[in-house]
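Following: one structure in structure tokens, then a few remarks.
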Amino acid sequence: MEVNQMRGANNRRVKSLNRSTVLQYIRKQGQASKADIAAQTHLSFTAVKNITDELLSYSFISEVGYDESTGGRKPLLYKLKEDRFYSVGLHLSVARIHVVVLNLSGGVHAHYETETNPDALQSNAIVDQLIDCIEDAIVKSNVDRTRILGIGMAIPGPLDPFGGVVLSPPNMKGLAGLPLKQLMTDHFGIETLIEKDANLIALGEYWHGAARGKRNVFYLDADVGIGSGIIIDGKLHYGSPYGAGEVGHGTINIDGPRCNCGNYGCLEAVASGLAIERRAGEEIRRGAETSYRERYLADEKSVSIAAILDAARDGDSLSQQLLTESARYVGIAVGNVIHLLMPEIIIIGGALTHAYPRYFEHTKEIAMSRIFASFADHIHIYKAELGVLGGAIGAGTLVLEQFFQKDLSEWMDMKPLLS
Ligand SMILES: [Zn+2]
């Protein structure tokens, strides 16, 4: 390469980097003035002015009004132009499929949900249901497909996020070995990313929920299965090359029952929604009284974790006892993680947490009772804020994350889509 060519390529790279720095700063802050951007990004005021002018001309940002002035002219504030681009986020769980269409700021523009077809989960017919759900969500959102940056999918682990292949989810045998990223990218003609569900709930909570403003986060999902996600210094922690955060399959009872993963005594095998269903059956067969005893004896499959959670809320003592037992194991696991990672914030979510309020309190109490007392002051354990939409919002957020880190020129080459 000639020296001038090299210089040209270098300038373009620096320009692209600066553009993305400014855009990411506006994204993080919600709104910002040129002086504020310059001060925080260490770019010159002139450079920031040139970049904001360019971003305005391509409709990536818009003016929102004036900031309070400390004297002199009031500074103009900028924010992302939310309806410029969108992302689609899907969360597949054993019970339900949620799909959201997010705007550029990560706000939920449209939401679609349906029950997961239980038979489809045991074969790759689930792919057709996922495609239908995404189609329905896009149609419902009224968003033009050329404005969709990508599709993110929150899928139970373990999976290979880089190759885009689902590996062997213990409770969804039909997905094992599926190259889901490629299948979806080919079908929709839109780049698709897949990631472990708990990682994406962690990412959703980091951007839009209980972990806003924190850098180091541990998220535990207590649901039909048990998963977890780790964010270190603002980035998802994958492990090497991936697979970190399978806290649900660490052994917590060495004499415990067999887990769907093949091991024995995993946290998931003794404390998950599936484990609670199994325990309810054992106790009923031993003669325990409960509001769903007759129903269970007539048809074992009719008593799901959702029914047990309902009963617990209505005061059924067996259900409450089983949830307390689960929270005890989960709390101990959280205590172990605290000793290992010492995260800035610990978030507990998932159906068990959201559907039975005392679950979170029990878990937190046990975790706090198991750590060094001298650490207690700087341990912060909170309940997840995004509820059942956490996984879908996180999946859409993963697509936005990638967009904001990219060279924007490929999108700038598209004709400005002024609306
Ligand atoms: Zn296991």
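The values are calculated or read from the model by the stated rules, or taken from the named source; none is laboratory data. Predicted model only: the values in this text are computed from it and were never measured. As a convention, Cβ positions derive from the backbone with ideal geometry for all residues, glycine included, and neighbour counts pool all protein chains shown.
The residues of segment 205-238 that are within 20 Å of Glu344 (Cα to Cα) and within 14 Å of the ligand (Cβ to nearest atom), listed by number, are Gly227, Ser228. Here Asn253 fits the description: modelled with pLDDT of 95 or more, assigned to a loop (DSSP other than H, G, I, E, B), farther than 18 Å from Lys364 by Cβ and touching a helix residue (DSSP H, G or I) at 6+ places or on another chain (Cβ under 8 Å).
In the set Ala280, Ala269, only one residue is assigned to a helix (DSSP H, G or I), near the ligand (Cβ under 8 Å from one of its atoms) and of a type in the set (Gly, Ala, Ser); that residue is Ala269.
Residue-level check: of (1) away from the ligand (no atom under 16 Å from the Cβ); (2) within 28 Å of Ile232 (Cα to Cα), Val303 misses just (2). Which residue out of Glu282, Glu294, Glu300 is surrounded by fewer than 19 Cβ atoms within 10 Å (Cβ to Cβ) and farther than 23 Å from Gly225 by Cβ? Of Glu282, Glu294, Glu300, the one residue that is surrounded by fewer than 19 Cβ atoms within 10 Å (Cβ to Cβ) and farther than 23 Å from Gly225 by Cβ is Glu294.
Taken together, the residues in segment 170-218 that are of a type in the set (A, V, I, L, M) and in a helix (DSSP H, G or I) amount to 9. Of Ala244, Ala306, Ala327, all but one fail to be closer than 25 Å to Lys173 by Cα, in contact (Cβ under 8 Å) with a residue 12 or more places away in the chain and part of a helix (DSSP H, G or I); the exception is Ala306.
Just a yes or no: is a residue in segment 179-188 within 16 Å of the ligand (Cβ to nearest atom), among the charged types (D, E, K, R) and buried (at least 17 other Cβ atoms within 10 Å of the Cβ)? No, there is no match, as no residue in segment 179-188 is within 16 Å of the ligand (Cβ to nearest atom), among the charged types (D, E, K, R) and buried (at least 17 other Cβ atoms within 10 Å of the Cβ). So, in segment 239-260, of the ones that are more than 16 Å from Tyr329 (Cβ to Cβ) and in contact with a Pro (Cβ under 7 Å, 6 or more places away or on another chain), which residue ends up farthest from the ligand (Cβ to nearest atom)? Checking each candidate, the answer is Tyr242.
Selection within segment 54-112: residues that are more than 17 Å from the chain's Cα centre (by Cα), of a type in the set (D, E, K, R) and over 14 Å from Gln31 (Cα atoms). The member of this set that is surrounded by the fewest Cβ atoms within 10 Å (Cβ to Cβ) is Arg73. On the stretch given as segment 39-94, residues that are acidic (Asp, Glu) and either on the phi > 0 side of the Ramachandran plot or in contact with a helix residue (DSSP H, G or I) (Cβ under 9 Å, 6 or more places away or on another chain) (or both) total 4.
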